[in-house]
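Written out below as structure tokens is the structure these notes cover.
Derivation of every value follows stated rules applied to the coordinates shown; laboratory data play no part. Predicted model, so just to flag it, every value in this text is computed and none were measured. Because the Cβ atoms are built from the backbone with ideal geometry, glycine has one as well, and the counts that use them run over all protein chains shown.
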Ligand code: ADP
Ligand code: MG
């Protein structure tokens, strides 16, 4: 499957919460190997879209396809198993575990061996654990926090916790990574570092959908951008063209 093919297809998706129409007939594609930015003012439906793509929110109409297969009717764990990984707007790490453990417990190999079969201590369990440790360390390396591997997660700064979360979300090498405001609460320097990390992941072949409201950051990091406003898609295109689109400037950048 080649870079540039459609990986995720959002087909005429609508979502209502009671009387609120959070998404109205939205369609766009995410191409394999790109960073697609999803922007728009507060309440425009960005988180709802990410939630729909990860199976946390059921769409009211339309569908979402991953590699040509409909995923919008699947529960979140099946969407995850199909290769869609995400982080949430609020940082969630397990404080009593070390950084390395935080990442290892999310590895498919240890999850299956320890939790499902209870095969602790067998040769297979040890091999799985070694694999999980190796992959977890690689993920920490990518985030530039391997030196924190044995620290307790409760000792980390907010920014470091965010990087642990990111390491966790890529440890199983997902096809698609969904990020809802990954830069929220981070200081300027760390935000640019995060942008570099995401570009590096993209260069290694990962596909990323990122919600972010800082336009400069979006333009510097995204290959293409989709703009939502009050649940409607109002623009789509290259970062440069979208940032200059008068409709976008009017609805969002100007405000
Ligand atoms: P954004 O992430 O762009 O700020 P959201 O997707 O969070 O926007 O919200 C879009 C609209 O849907 C808002 O009007 C919001 O109040 C509403 N909404 C989102 N989630 C729910 C929910 N679980 N129940 C009711 N309304 C919701
Ligand atoms: Mg949101």
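Counted residue by residue at 0.36 nm each, then reduced by the alpha carbon distance between them, the extension gain from residue 213 to residue 27 reaches 64.9 nm.
Placing R0 at 30 angstrom, the Cβ-Cβ distance between residue 134 and residue 192 gives a FRET efficiency of 0.55 after rounding to 0.05. Remark: spin-label model distance residue 94-residue 152 equals 1.5 nm, labels positioned 7 Å along the Cα→Cβ axis.
The calculated pair-distance distribution of the chain uses every alpha carbon pair, bins of 10 angstrom beginning at 0, and gives 7, 29, 35, 21, 7, 1, 0 percent. Computed from Cα atoms, the angle from the helix 123-142 axis to the main principal axis of the chain rounds to 50 degrees. Nearest 10 degrees is fine. How inclined is helix 188-203 to the longest principal axis of the chain, computing both from alpha carbons? With both axes taken from Cα atoms, the answer is about 80 degrees. Per-residue ellipticity at 222 nm computed for the chain from its helices equals -9500 deg cm²/dmol, with DSSP H segments shorter than 4 residues left out and the rest contributing -39,500 (n - 2.57). Rounded to the nearest 10 degrees, the inclination of helix 158-170 to the longest alpha-carbon principal axis of the chain is 80 degrees.
Counting only DSSP beta bridges with both residues in the chain, the antiparallel share comes to about 55 percent.
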